[in-house]
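A quick write-up on the structure given underneath.
The values are calculated or read from the model by the stated rules, or taken from the named source; none is laboratory data. This is a predicted model, so every value here is computed, not measured. Here the Cβ is made from the backbone with ideal geometry for all residues, glycine too, and neighbour counts use every protein chain on show. Just the protein is used for accessible areas: all its heavy atoms, side chains included, with ligands, DNA and RNA removed. Shrake-Rupley method; radii C 1.70, N 1.55, O 1.52, S 1.80 Å.
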Amino acid sequence: MDEKAVRAILVRGLEAGAVPQLFAPAARAAFLAGEDDLRFAALDMDSLARMELCIAIELATGVTIVPDELGSYASAGELARVLAARTGD
């Protein structure tokens, strides 16, 4: 799976968790295009949003990430690169 596909998965997971930063079309488009990043510390993610993101990742990639593990990544872009590498691309 390439990084662009993983970024789309992350957006779907963040949207499912109702993360407000994804409601801005420009921010969403820039992240999907790889032109901008979403720092986890700047996202308004509650425990449900973190769980939704982890579920979206696992369903789409088969890679299990627990919510507490998200804190080890500085940004969604970093997570996308790691997941792309772990899924073969």
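Sequentially through the range 48-56, phi angles give Karplus couplings (6.51, -1.76, 1.60; θ = phi - 60°) of 5, 4, 5, 5, 4, 5, 5, 5, 4 Hz, Gly and Pro residues having no value and appearing as x. Per residue, the range 6-72 exposes 53 Å² of accessible surface when a 1.4 Å probe is rolled over the protein heavy atoms with every protein chain present. When the Cα convex hull of the range 22-69 is projected onto planes of every orientation, the mean area is 3.8 nm². Based on the convex hull around the alpha carbon atoms, the chain presents an average projected area of 4.8 nm².
Which residues in the range 63-88 have a backbone N closer than 14 Å to a point placed 7 Å from the Cα of ASP37 along the Cα-to-Cβ line? Output list for this probe position: 72-83.
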